[in-house]
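Each reported figure results from applying straightforward, stated rules to the coordinates on display, with no laboratory input. Keep in mind that what you see is a predicted model, and the values were worked out from it rather than measured. In this analysis, Cβ positions are derived from the backbone assuming ideal geometry, glycine residues included, and neighbour counts consider all displayed protein chains.
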Amino acid sequence: MVKHEVFRSLSTSDFRQKLLAWYKTYRRELPWRANCDPYHIWISEIMLQQTRVAAVIEHYHEFFRRFPTVEKLARARESSVLAAWSGLGYYRRARMLHAAAKTIVRQRGGALPDRAEEWLDLPGIGRYTAAAIASIAFDEPVAVVDGNVERVLQRVSGKTLTREQLWNAAQHLLDVEHSGDFNQAMMELGATVCTPRAPACLTCPIVDLCATRGETETNKSIPQKKREIRYSLACRDDHGRGREVFLVRRPRNASLMAGMWELPEILSQNGTVKPSFTVRHSITVTDYTVRVWQNGSAADANGSWFATRKLKTIALTGLARKILRKAGVL
Ligand code: SF4
């Protein structure tokens, strides 16, 4: 047993063996686990940042249908990449992904890096993502620390670890013969068993190696803010070819979802007129109650009419997509 400042009496071989055996049996079958192709791993890792697995699954296959290779992605227009990203949120990731694809094609002839250190040189790639891609696609023996791994490490050790201690502890535990699977197993444990609010310690494969067994709470939940927002939905006949919908473009310098299309917001509304329907939408720490008035105004200088059959090719915000689906327009 190799002692470590964080895990004084923990058997690393026992830990690795139990975790990997559990992962082999209980891991979720997810599309990006079907192969170790670095292009697929890279895209999935970027999509999964701060986004629910279910939302990523919805977009994953369509993204590869549109951009099957890094060359195709590099050659695409930014608006096409944003359109494929629509619904995943955090659009800066899509822009950085696009920039990285261009760099890979221009500087490396389309060959993806095989080491974490090289990935770090690309736009939008941080320490976690570089290590995740290099370990999962190339089995490079580098550990990862994301929110799930951090929670597992804090609970298993029973200590409040600093960022550097977390990376160091993860590297100490890593099974260097199976780094890709080990890293995925740590993240999977955090996502499905050692969850933030109610860890399922009774079903945890490493319960007898854990210092806390869920006794300490390492993640304090952040209170959600509430906001109401109102939109106008205007549709018209497209000269007998279908329907058109009126959308406005967010400013190019907006801090969120710059340049994407959405419904016109209503800033003042006669309180006696009831909305056509309401949807709920959450973005980070804000829960929105979204009220929509149909047959609304189409008077906005930044707006345009779009044929509904073409909406799939436009960079719509996730909320606009949700409203258009609810209204039966999309
Ligand atoms: S025993 Fe409980 S707290 Fe410890 S790692 Fe497993 S699920 Fe998390």
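Structure notes:
- Put simply, the amide H of SER276, placed in the peptide plane, has neighbours under 5 Å in VAL292, TRP293, GLN294, leaving out anything fewer than 5 places away on its chain.
- Loop-resident GluC sites (Glu not before Pro) (DSSP state other than H, G, I, E or B) in the stretch 22-88 with no more than 12 further Cβ atoms inside 10 Å of their Cβ: GLU29.
- Among the trypsin sites (Lys or Arg not before Pro) in the stretch 40-111, those located in a DSSP loop and surrounded by at most 15 other Cβ atoms within 10 Å of their own Cβ are ARG52, ARG77.
- Counting all C-alpha pairs of the stretch 12-209, share separated by more than 21 Å (%): 52 percent
- Angle between the chain longest axis and helix 127-138 axis [Cα atoms, degrees, rounded to 10]: 70 degrees
- Positive-pole candidate from VAL156, PRO123, VAL273, dipole of the chain, charges at beta carbon: VAL273
- Judged by the ratio a/c of the largest to the smallest principal axis of the C-alpha gyration tensor, the stretch 63-140 counts as prolate, that ratio being 1.5 or greater while a/b is larger than b/c.
- Taking the longest Cα principal axis of the chain as reference, the axis of helix 12-26 is set at about 40 degrees.
- For the stretch 1-80, radius of gyration divided by Kirkwood radius, i.e. Rg to Rh on alpha-carbons: 1.17
- Geometric descriptor of the stretch 209-330, per residue, is 178 Å³ (volume of the convex hull of the Cα atoms).
- Percent of Cα-Cα distances greater than 22 Å, calculated over the stretch 173-258: 62 percent
- Only lysine pairs 8 or more places apart or on separate chains count here, and in the chain those with Cα atoms under 18 Å apart total 8.
- The alpha carbon centroids of the stretch 246-283 and the stretch 106-182 are separated by 39 Å.
- Ranked by how many other Cβ atoms sit within 10 Å of their own Cβ, fewest first, the residues ASP139, ASP208 fall in the order ASP208, ASP139.
- Antiparallel DSSP beta bridges within the chain, percent to nearest 5: 65 percent
- Neighbour counts of other Cβ atoms within 10 Å put SER297, SER86, SER268 in the fewest-to-most order SER268, SER297, SER86.
- Descending semi-axes in whole angstrom, ellipsoid equivalent of the chain, from the Cα gyration tensor: 42, 25, 16
- Ordered by the count of other Cβ atoms within 10 Å of each Cβ, fewest first, CYS201, CYS210 give CYS201, CYS210.
- Between 0 and 90°, nearest 10: helix 163-173 axis offset from the chain longest Cα axis: 60 degrees
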